[in-house]
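These notes concern the structure reproduced below.
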Amino acid sequence: MKFDKEGNTTYFEKKKTELYQELGLQARDLRFQHVMSIATRNNRIIMRMEFLKAVITPEFLLLLDYRSLSLEHWLLSQLASQLAGEGQLVTYSLPFEFRAIEAILQYWISKLQGRLNTLQPQILETLEALVDPKLLSVDRSKLHILLQNGKSLSELETDLKVFKETILEILDEEEVIEELCLSKWTDPQVFEESASGIDHAEEMELLLENYYRQAEDLANEARELRVLIDDSESIIFINLDSHRNVMMRLNLQLTMGTFSVSLFGLIGVAFGMNLESSLEEVPAVLKKSQPAAGRVEIKNTLKAETFGLSRTLPNQ
């Protein structure tokens with residue numbers, strides 16, 4: 001997709017070899033890498049914003065492999081008007097490459113801002129539900145949502161970090177900033193303006209610093225959300241420990257109560273056991289003495305009868 005200075009759009013398909021020969025670039029310059037970088041080659045600016053890949057010249061903006069639903073909506077609804085100077089860009093009075101760079105950076109910052117605006121209320125709502133002291137247990141579904149939001153927040157923090165590092169690398173190199181001002185070396189009028197005191201390199205530096213500051217603000221907001229999540233996790237762990245202590249206290253009270261009841265039962269068990277004493281021996285003695293007395297009486301009777309018999313026999 002090709003945009004000129006007036007915002008006119010044209011579409012075409014072309015082989016990669018033909019395209020980089022026409023632009024005066026190398027094959028590696030048009031390599032489709034999902035990275036973030038801003039570089040200059042042969043008076044061309046090559047911008048890679050992950051899935052957004054663009055080549056900027058002093059006359060037109062060329063977007064490669066633009067077939068993405070969210071990207072196409074932005075290209076058709078906003079980019080053309082911004083490049084034509086009808087949008088809210090602050091560089092409309094500067095050369096074309098300024099407007100192209102600002103439009104792309106603004107689009108990327110707006111996407112990062114949109115991701116943060118989507119995550120922030122979800123995270124706050126989930127944390128408010130999890131740290132509610134009225135709840136005796138933690139909702140596992142809320143923890144799952146918090147885990148997903150935390151992962152998305154980590155990805156956003158990584159993208160913001162890469163964006164800041166990409167711009168910071170350019171801000172640290174004055175030569176690269178000078179090379180980004182394409183019209184300064186090709187348009188005599190722009191060169192005369194630079195010589196008369198309008199420093200386009202300084203304008204480019206201010207432009208990049210502006211978006212670096214916006215990315216830094218978003219990173220600070222994301223960092224605050226991360227700290228809030230960590231603090232809420234500590235509160236959740238404290239609440240869980242408190243509930244665990246209550247359960248342990250209740251378990252201890254039940255154990256002590258059971259032990260107290262068992263003590264009263266132990267007394268009855270002690271008196272119900274088969275213990276030996278002198279009282280158990282009395283019936284046994286009585287039972288043993290009765291047969292012995294009977295045997296003595298029978299023996300005496302037999303003796304008496306025998307004695308009487310012995311006395312009658314001589315008399316007879």
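The values are calculated or read from the model by the stated rules, or taken from the named source; none is laboratory data. What you see is a predicted model; the values in this text were computed from it and never measured. Note that we place each Cβ from the backbone using ideal geometry, even for glycine, and neighbour counts take in every protein chain shown. For accessibility, only protein heavy atoms count, side chains too; no ligands or nucleic acids. Shrake-Rupley method; radii C 1.70, N 1.55, O 1.52, S 1.80 Å.
Here is a yes/no grid of residues against (1) part of a helix (DSSP H, G or I); (2) modelled with pLDDT of 80 or more; (3) not basic (Lys, Arg):
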position: TYR92; (1), (2), (3): no, no, yes
position: ARG99; (1), (2), (3): yes, yes, no
position: ILE104; (1), (2), (3): yes, yes, yes
position: GLY114; (1), (2), (3): yes, yes, yes
position: THR118; (1), (2), (3): yes, yes, yes
position: GLU128; (1), (2), (3): yes, yes, yes
position: LEU136; (1), (2), (3): no, no, yes
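Return the residue satisfying two criteria in turn: it lies in segment 1-52 and is touching a residue at least 40 places away in the same chain (Cβ under 8 Å) and hydroxyl-bearing (Ser, Thr, Tyr), and of such residues it is farthest from ALA84 (Cα to Cα). Per the stated criteria, the residue is SER37. Of all positions in segment 32-49, at least one carries a residue that is at pLDDT below 80 and either in contact with a strand residue (DSSP E or B) (Cβ under 6 Å, 6 or more places away or on another chain) or in a helix (DSSP H, G or I) (or both). Tell me, please, whether a residue that is under 19 Å from VAL162 (Cβ atoms) and either open to solvent by 60 Å² or more (accessible area, probe 1.4 Å) or part of a strand (DSSP E or B) (or both) can be found in segment 54-65. Within segment 54-65 (the criterion being under 19 Å from VAL162 (Cβ atoms) and either open to solvent by 60 Å² or more (accessible area, probe 1.4 Å) or part of a strand (DSSP E or B) (or both)), the answer is yes, since at least one residue qualifies. Each residue in segment 1-17 was checked for being out of contact with any Lys or Arg (no Cβ under 9 Å at 6 or more places or on another chain) and either open to solvent by 90 Å² or more (accessible area, probe 1.4 Å) or assigned to a loop (DSSP other than H, G, I, E, B) (or both), and 6 of them qualify.
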